[in-house]
Protein chains: 4
Amino acid sequence: MAIGRETVENLLKLTKPKWRTSITKVEPDRITTRGYPQEDLIGNISFSEMVYLLLKGELPREKEAKMMEAVLVSFCDHGVTPPSTQVARIMASTGAPMNTCVAGGVSSFGKYHAGALERSMRIVQHVVKEGVGSNGPPSSSEELKNSALMVVEHFLEKGKKIPGFGHRFHDKDPRPGKLIKVAKKYGCFGIHTELIVSIEKLLLEMKGIHMNIDGANAGILSDMGFDWKLGTGIFTIGRVPALVSHIHEENSVESSFRKFVEVEDIYYNGLESRNVDNDRNELNISK
Amino acid sequence: MAIGRETVENLLKLTKPKWRTSITKVEPDRITTRGYPQEDLIGNISFSEMVYLLLKGELPREKEAKMMEAVLVSFCDHGVTPPSTQVARIMASTGAPMNTCVAGGVSSFGKYHAGALERSMRIVQHVVKEGVGSNGPPSSSEELKNSALMVVEHFLEKGKKIPGFGHRFHDKDPRPGKLIKVAKKYGCFGIHTELIVSIEKLLLEMKGIHMNIDGANAGILSDMGFDWKLGTGIFTIGRVPALVSHIHEENSVESSFRKFVEVEDIYYNGLESRNVDNDRNELNISK
Amino acid sequence: MAIGRETVENLLKLTKPKWRTSITKVEPDRITTRGYPQEDLIGNISFSEMVYLLLKGELPREKEAKMMEAVLVSFCDHGVTPPSTQVARIMASTGAPMNTCVAGGVSSFGKYHAGALERSMRIVQHVVKEGVGSNGPPSSSEELKNSALMVVEHFLEKGKKIPGFGHRFHDKDPRPGKLIKVAKKYGCFGIHTELIVSIEKLLLEMKGIHMNIDGANAGILSDMGFDWKLGTGIFTIGRVPALVSHIHEENSVESSFRKFVEVEDIYYNGLESRNVDNDRNELNISK
Amino acid sequence: MAIGRETVENLLKLTKPKWRTSITKVEPDRITTRGYPQEDLIGNISFSEMVYLLLKGELPREKEAKMMEAVLVSFCDHGVTPPSTQVARIMASTGAPMNTCVAGGVSSFGKYHAGALERSMRIVQHVVKEGVGSNGPPSSSEELKNSALMVVEHFLEKGKKIPGFGHRFHDKDPRPGKLIKVAKKYGCFGIHTELIVSIEKLLLEMKGIHMNIDGANAGILSDMGFDWKLGTGIFTIGRVPALVSHIHEENSVESSFRKFVEVEDIYYNGLESRNVDNDRNELNISK
């Protein structure tokens, strides 16, 4: 039996692909990621190289691979001070599953927490590519320093913090200095990181404020060619192991459904006593 | 001025610590993870070693470090077939932030998706520690094979799948064979993995079903001394980079708020037309 | 042009429906929920009736509609003491979007927090339908009391709490008494709620423990014919407005990224100082 | 024994309140929301009134209470076409818990999905309060129409959609007309809704585009005095019952872990075959 063209085209319309990808191809008994059969990747490349391959579509050279290790290690953990860690542990205390608690922690990265890396990457990538003001992209070390100054003045005028600088728990974050050293060692210190360093120099003189770990990573990841839109994603990859560790600690060491807040510690504002019947009468609400 | 003891004790009661940890200590300008200053870890250890340090509290020896790389690489990605990847990409299409989409993917690991690793670890750790039935822990290769048989029979009788075996897209998952080889190379093939291999041998004979990547990892991670309660957490660490990659691909390549389902493709059951006024009259509902 | 049958069948195979539903039909310019055009529902039924219609597939009679209002109101809020509220507010403090914070709160309902309603519904529905032990379903008031005793003994023997009874902040939860009264008024006090009341009577005598709001709702919702699998869902519907309110309060009143924990308030266990280089030498790790 | 002032102050410093609220006060055996004991609210006010009380801090008058019912009903469901519903159901298929699936759905509200209400509220509240351009707030019907024109021109010039207008599945969304009628009936049609109606009139003439349900609600909720920052929150309250219903349907009707995508339906771009060893040699990567 044969069927008319129109019918087939209508059927075809229904079948137009909803899903396509260039990351991993799945065939029966064969899984190929970025062109490599996965069984060839297992045991042959490091996890950091895998991260790089997934995000950039190709394997890193050795130096970039080493740099990637340092970048991911640098995001590892900040104890129980970050809101994301508190959220993950409070959720664990209710008996929520491990992955739900990790998701809770990851969802807690907002504008003020972990958002600085991406915003800092966006700024340095913009300045390097487009320049600030009407000057066009900086083409000398002098122009880069000038760009740094314009960035600093822009933020100071608005009374805003520059993402990637300053830390609420540290005067001088102990991590960025080491990471910058590693970047120099592995040839990953380029114009973006130079811009970050120039901004720090100015901020330090003017306000006594140092670069933080997000600032250092913003420069380095940009010099490695990562799109700023991947900033929060890369931070997330680096921080998830700590979330898993904290959730496991909460589950292993603390008692279930413990009280994080005692009723005596809660303050109430303006909760004067009211009477429903009176108020509904006054509002003329029928029952 | 002096204040009475009781008052102080009441104050102290309020201050009893809600937060304690053995993972990372935060002091001004100093962050120490598992005893190591973070600036000493950055550039000195790999990301996989960091994962190991966070989860186990100590640095791995070289062979375990290499094994950890392979384990994490083995979880990397399965294209757009897993529900978690679909969820992450559908969320991205709505304009939700990167980390929210990652969290959505991670939240999608349920009993049937990614839950097999933890359940498989639990089974092999239980069998090795407690034994099956009344026999006590297996103390010879023969007893281990016997335990494997009892596990298989237990599940087959109940008509249930054994977690860690079989795959809905592959007859023979291409990953576990390679991972087992790596485990042998690095001395991480022990009694738990042997049990998994014995179960596979039986299942293969009886049902033609192979081990999958969760089964292989269940054995190996157990032999490396990881608590089964960390199973889903370790899988999550390994899978998050792929989620980030897929979300970035969705955002870069596909159009915003695209339709994943066409209205013509939806089927409706039993949605016959009703009339609110008629039905409310019939139910005697006053307006 | 004509095309062969096989080709068409292959095409058809691709088009088999992935999505079907009996809840809402979407056609161009027409949205029909459970058979009713939505424009006929808007302004004609209450939100609680809509909840009932969505969950049960039909409109409630007037008494059930009134009961539904009381049930949903009874779940409304418990201030800042529940982990879900703390999570939602901590997330808000990071600048995360409103809906992400609501999702964080909702994800925090675990076994120990808000899980009691569903578990309590499951127990009473099981007892009423199947009975306890070998006695079969209770068919008289006397048998129901006996079932209550068997339930209580079962839990006490295991040293476990009975879900729906006891509250960590109240000796006598002020809500269930009123809700039970409302249930009697609206004819929604049936065998399941009777069982809950019988259990409370025993627990009160034996242990001085009262019913909590989950216990009362477990009985009433079961008597209204709700599947126990909807327990957490119905609680969620009732609690979401409070989460929205708390997140809005956090955003309006508190400063962004405030510290929920002071570093001085954190206690550390067993975090003795270590040296990476020494330890790596000892572990024979090559660089 | 007495203790010095300084010690006490240090102790006090630790106890400064981290948690305060004006929503609900929790005391032993007493829970008071917005000043009302909860047992007086249960059975006395409707769920919509509770929503209003939680969000605004006071009970609504009768007309506002009726309007609130209609608003919340109007958000109820849009079948399986919204990404949030697809996400919730895909998550349910993995065996994830009910509340996790609801959270997944709620997390899926992004800029393009459900974000229109809040953005539309923001626009109309801004125009009414501040005016557009340099004209100041509109003080006559004529000026309001002029503001509407300026809003429309602003968006058309940028080639952007105006939030609250147009629908990807409907030419004429069937819901807003009815909701506007209800708003007039209950005295909730004010200047903000008038602005929305004026914008629609212009858009209809110029582009044939109608108001959607978000547009109508943006006007009405603004006329009821709701802060635009509550937009997504109120939508969430209205939509959660449908998510619960869809998740329950998925769990009841569909088989676990079903395939939402067939491997044959996935398209791959640029995934040419590669060889790890070759590529690593070329990159000079040592093993």
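The values are calculated or read from the model by the stated rules, or taken from the named source; none is laboratory data. These numbers were taken from a predicted model, which means no experiment stands behind them. In this analysis, Cβ positions are derived from the backbone assuming ideal geometry, glycine residues included, and neighbour counts consider all displayed protein chains. These accessible areas exclude ligands, DNA and RNA; they are computed on the full protein's heavy atoms, side chains included. Shrake-Rupley method; radii C 1.70, N 1.55, O 1.52, S 1.80 Å.
Of all residues in region B:27-38, at least one satisfies being out of contact with any strand residue (DSSP E or B) (no Cβ under 8 Å at 6 or more places or on another chain), at pLDDT 95 or above and at positive phi. Entry remark, region D:199-224: residues being in a helix (DSSP H, G or I) and either among the β-branched types (Val, Ile, Thr) or open to solvent by 20 Å² or more (accessible area, probe 1.4 Å) (or both) number 12 in total. A Cβ distance below 7 Å, combined with a sequence gap of six or more or placement on separate chains, defines the contacts here; from region B:246-267, residues that are open to solvent by 50 Å² or more (accessible area, probe 1.4 Å) reach residues that are hydrophobic (A, V, I, L, M, F, W, C) and in a helix (DSSP H, G or I) in the pairs B:Asn251/B:Ala92; B:Glu264/A:Leu14. Filter region D:248-275 down to residues that are assigned to a loop (DSSP other than H, G, I, E, B) and among the aliphatic types (A, V, I, L, M) and give me whichever is nearest to the chain's Cα centre (by Cα). Among residues in region D:248-275 that are assigned to a loop (DSSP other than H, G, I, E, B) and among the aliphatic types (A, V, I, L, M), the one nearest to the chain's Cα centre (by Cα) is D:Val261. Within region D:125-182, if we keep just the residues that are among the aromatic types (Phe, Trp, Tyr) and either part of a loop (DSSP other than H, G, I, E, B) or crowded, with 18+ Cβ neighbours inside 10 Å (or both), the residue that is nearest to the other protein chains (Cβ to nearest Cβ) turns out to be D:Phe169. Among the residues making up region C:117-151, those that are at pLDDT 95 or above and of a type in the set (Gly, Ala, Ser) are C:Ser120, C:Ser147, C:Ala148. Restricted to helices (runs of 4 or more DSSP H) entirely inside region D:40-115, those with at least 3 residues that are facing chain B (nearest Cβ under 8 Å) and open to solvent by less than 10 Å² (accessible area, probe 1.4 Å) are D:83-93, D:98-107. Every test in (1) surrounded by fewer than 20 Cβ atoms within 10 Å (Cβ to Cβ); (2) touching a strand residue (DSSP E or B) at 6+ places or on another chain (Cβ under 8 Å); (3) modelled with pLDDT of 95 or more is passed by C:Lys185 save one, and that test is (2). Scanning region D:157-171 for residues that are within 20 Å of B:Lys259 (Cβ to Cβ) and of a type in the set (A, V, I, L, M, F, W, C) returns D:Phe165, D:Phe169.
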